[in-house]
Amino acid sequence: MTHCSLDVPGSSNPPSHLSLLSSWDHRHVPPCPALQGTPLSATLSLVMSQCCRKIKDTVQKLASDHKDIHSSVSRVGKAIDRNFDSEICGVVSDAVWDAREQQQQILQMAIVEHLYQQGMLSVAEELCQESTLNVDLDFKQPFLELNRILEALHEQDLGPALEWAVSHRQRLLELNSSLEFKLHRLHFIRLLAGGPEKQLEALSYARHFQPFAQLHQREIQVMMGSLVYLRLGLEKSPYCHLLDNSHWAEICETFTRDACSLLGLSVESPLSVSFASGCVALPVLMNIKAVIEQRQCTGVWSHKDELPIEIELGMKCWYHSVFACPILRQQTSDSNPPIKLICGHVISRDALNKLINGGKLKCPYCPMEQNPADGKRIIF
């Protein structure tokens, strides 16, 4: 049997498949020796022409797709190189790493606290064992109790949360918390969802709303009005919003916020807040680092616990007063709090003491003279 072959004259290396197929046309196909001198019929010539055209179009499409894929992959690599810097430690003062062992212990403690707060108790215990970190039971207990109650709320069990709220009623009232009322309201709504069979039980349970009648009168009236539609079905009544499942997510959020405030814990773990703040601040610090290196500045990072530039992290990360005295240009603190004068202007206590002359104080912004003892401390 005689085989047909494709040869490219003047080339010592075999051509690639793509280049070979793209240049393949029925006019360039060498005839087989057995068919030499035999003309192609019109039908065969048309079929060959159509096949070659399809092959050429397919090869061009493959080449175009390959170009797009290569371009996308190339952009991914450039984006990775642009957003990841191997010298991130350069934005931190060298003094931070002086007490490496102490810093490592603080970091481990922050991770453990985050795990406890997220309910991953077994992972936290394992980390404590492997890192030989000694965590007191008094530290664990609030997190264990919070997670136990939250797990019950996620399963729509109000018992543990109600018991906790009643036992801490006085302290919750001092925080102006409405947690206990919301728990009773949610239990009442569950009884309403039971239909007419639960009507008497719901009316009996409504007695729990009596201590909250003054502060939550409107909400109590709405719940009492829903009893009229109980036989017809609350789902098709003007009170259908009472059956919304969003109330369970709201009660979990309210319990977490109020319980953390009562126990002196942060709603979000310090680790998560630090990580989120770092994600916002790190790009700015990297730009500053590049400018410092370019201009060969020195001594920028010498200030302890102070960044070389102010970075706005948003209201969510405000934990203390940021008022600065307009006279001394110093940020106020517990030992040097802001003082409001009679005229309404606010200065720091240190500035007030320095401005006293002969037992009288003259406001630096207006000519009003006043008694320094009339100044009142304010809290932002």
(message) Looking only at segment 115-138, filter to residues that are touching a residue at least 24 places away in the same chain (Cβ under 8 Å) and open to solvent by 40 Å² or more (accessible area, probe 1.4 Å); which one of those is farthest from Gly264 (Cα to Cα)?
(response) Leu121
(message) Condition first: without any contact (Cβ under 8 Å) to a residue 60 or more places away in the chain, of a type outside the set (Lys, Arg), part of a loop (DSSP other than H, G, I, E, B) and closer than 27 Å to Glu113 by Cβ. Can you find one or more residues in segment 256-264 that meet it?
(response) yes
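Anything in segment 37-58 that is hydroxyl-bearing (Ser, Thr, Tyr) and either open to solvent by less than 70 Å² (accessible area, probe 1.4 Å) or outside any helix (DSSP H, G or I) (or both)? List them, or say none.
Residues satisfying the conditions are Thr38, Ser41, Ser45, Ser49.
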(message) So, Leu203, is that one part of a helix (DSSP H, G or I) and open to solvent by 50 Å² or more (accessible area, probe 1.4 Å) or not?
(response) yes
(request) Considering each residue of segment 189-218, count those that are within 27 Å of Glu151 (Cβ to Cβ) and within 34 Å of the chain's Cα centre (by Cα), and give that number. (result) 2
(request) Can you run down the residue pairs with Cβ atoms below 9 Å, 6 or more apart or on separate chains, where the first is in segment 243-255 and more than 21 Å from Gly233 (Cα to Cα) and in a helix (DSSP H, G or I) and the partner is among the charged types (D, E, K, R) and open to solvent by 70 Å² or more (accessible area, probe 1.4 Å)? (result) none
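Residue-by-condition table, conditions (1) at pLDDT 90 or above; (2) under 21 Å from Leu262 (Cβ atoms):
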residue	(1), (2)
Leu162	yes, yes
Leu173	no, yes
Arg190	no, no
Leu203	no, no
Phe209	no, no
Val222	no, no
Glu235	no, no
(message) Suppose we filter Leu282, Leu271, Leu263, Leu328 for residues that are at pLDDT 80 or above, on the phi < 0 side of the Ramachandran plot and in contact with a Pro (Cβ under 6 Å, 6 or more places away or on another chain); which single one remains?
(response) Leu263
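If you take the residues in segment 211-220 that are in a loop (DSSP other than H, G, I, E, B) and open to solvent by less than 100 Å² (accessible area, probe 1.4 Å), which one is modelled with the lowest pLDDT?
The first filter runs over segment 211-220 and keeps only residues in a loop (DSSP other than H, G, I, E, B), leaving 213-216.
Then keep just the ones that are open to solvent by less than 100 Å² (accessible area, probe 1.4 Å); that gives 213, 216.
On the way: Ala213: 85, His216: 88.
Out of the qualifying residues, it is Ala213.
Identify the residue in segment 237-255 that is under 20 Å from Leu179 (Cα atoms) and polar (S, T, N, Q) and, among all such residues, is modelled with the highest pLDDT. Give the steps one after another, and end with the answer.
The first filter runs over segment 237-255 and keeps only residues under 20 Å from Leu179 (Cα atoms), leaving 241-255.
Filter again for polar (S, T, N, Q), leaving 245-246, 254.
Values: Asn245: 84, Ser246: 86, Thr254: 89.
Result: Thr254.
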(request) For segment 148-172, name all the residues that are open to solvent by 90 Å² or more (accessible area, probe 1.4 Å) and assigned to a helix (DSSP H, G or I). (result) Arg148, Glu151, His154, Glu163, Arg169, Gln170, Arg171
(message) Conditions first: (1) out of contact with any helix residue (DSSP H, G or I) (no Cβ under 6 Å at 6 or more places or on another chain); (2) open to solvent by less than 70 Å² (accessible area, probe 1.4 Å); (3) under 30 Å from Val267 (Cα atoms). Asn336 passes all but one, so which condition is the exception?
(response) (1)
(request) Tell me which residues, restricted to segment 228-247, are in contact with a Leu (Cβ under 7 Å, 6 or more places away or on another chain) and open to solvent by less than 70 Å² (accessible area, probe 1.4 Å). (result) Leu230, Leu234, Cys240, Leu242, Leu243, His247
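The values are calculated or read from the model by the stated rules, or taken from the named source; none is laboratory data. All figures in this text were calculated on a predicted structure; none of them were measured in a lab. When we count neighbours, we look across all protein chains shown, and the Cβ atoms used for this are built from the backbone with ideal geometry, even at glycine. Keep in mind that these areas ignore ligands, DNA and RNA; they rest on the heavy atoms of the full protein, side chains included. Shrake-Rupley method; radii C 1.70, N 1.55, O 1.52, S 1.80 Å.
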